[in-house]
Amino acid sequence: MKLSVCINAITGELSRTDAMHLAKKLGYTAVEFWEGGDNPDFKAWKPVLDETGLTVACMGMASGLVDPATRPAFLESAKKSIESAKFLGAKCIIATTGQELEGVSRDAQRQSVIDGLKAAAPLFEGTGLTLVLEPLNILVDHKGYFLYRSDEAFEILREVNCPNIKLLYDIYHQQITEGHLIANIRDNIDLIGHFHLAGNPGRGEPYLGEINYKEVFTAIDAAGYAGYAGLEYWAKVDEMEASLKKCLALV
């Protein structure tokens, strides 16, 4: 398992470029961030990425899949994020569904997500990039978010049926929502393009709390996954740099 440092989360007190230098100093080979599209800061980040040799494991883009009216903006954001990802050498781009719409059936919103992803599929073909759809928990952190269960997410992806569109399996979120982590990951590893992790409860250090990440990572490795897992947590007990050092012992 290869770890990536999410520089919006654990190192958020630092500038993005200082966070990149810190990740490199500590022995990490990849970073990721939530920014997407035509962010003007990307031009300043590129020399730092080149200097450090860090890989950009993942980056973001605009939300808006549940509502067909927002699809043009979603696709335009995808186009801009694809160009930025190519510029930065990123591996994947995160897509979120948006909040559940009041007065609209769940089936209609689900179909809008499918249609939006199918519309985005041609944009990703031949790019070497993967669009990763992210479920989020609605019990603690993201009340009202549309997509929260991994089984529904996998069903959506199988209907979309595009090798460039997969799941961002956030181990923290899915532990809260449904648990059964290793079996769910192992049985659907072909549809997983990226992982996120944090400790639960509290979204703190992943080496604390109820999730045994050493066992989860062993199962992921055994399933043949060769991508990254992003450290998307906030240090609650240890100092930030010390906690990042400890995370390296998980792999």
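Annotations for the structure displayed:
- Some residue of segment 208-220 being buried (at least 17 other Cβ atoms within 10 Å of the Cβ), in a loop (DSSP other than H, G, I, E, B) and hydroxyl-bearing (Ser, Thr, Tyr): no
- Residue match in segment 69-84 (condition: acidic (Asp, Glu) and at pLDDT below 95): no
- Any helices (runs of 4 or more DSSP H) falling wholly within segment 12-131 and containing at least 1 residues that are farther than 22 Å from Gly230 by Cα: 42-52, 71-88, 106-124
One line per residue, one yes/no per condition, for (1) out of contact with any His (no Cβ under 9 Å at 6 or more places or on another chain); (2) closer than 16 Å to Ile156 by Cβ; (3) of a type in the set (Phe, Trp, Tyr):
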residue: Tyr172; (1), (2), (3): no, no, yes
residue: Gln175; (1), (2), (3): yes, no, no
residue: Gly179; (1), (2), (3): yes, no, no
residue: Leu191; (1), (2), (3): yes, yes, no
residue: Gly199; (1), (2), (3): yes, no, no
residue: Gly202; (1), (2), (3): yes, no, no
residue: Pro206; (1), (2), (3): yes, no, no
residue: Ile211; (1), (2), (3): yes, no, no
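- Out of Tyr148, Tyr169, sole residue that is among the hydroxyl-bearing types (Ser, Thr, Tyr) and part of a strand (DSSP E or B): Tyr169
- In segment 49-62, the qualifying residues are those that are crowded, with 20+ Cβ neighbours inside 10 Å and not aliphatic (A, V, I, L, M), and the one that is farthest from Gln109 (Cα to Cα) is Cys58.
- Test: residue in segment 137-147 that is crowded, with 23+ Cβ neighbours inside 10 Å and over 27 Å from Lys246 (Cα atoms): yes
- Within segment 190-207, being part of a helix (DSSP H, G or I) and under 17 Å from Glu178 (Cβ atoms) holds for one residue alone: Leu191.
The values are calculated or read from the model by the stated rules, or taken from the named source; none is laboratory data. What you see is a predicted model; the values in this text were computed from it and never measured. Please note: Cβ atoms are built from the backbone with ideal geometry, for glycine as well, and neighbour counts cover all protein chains shown.
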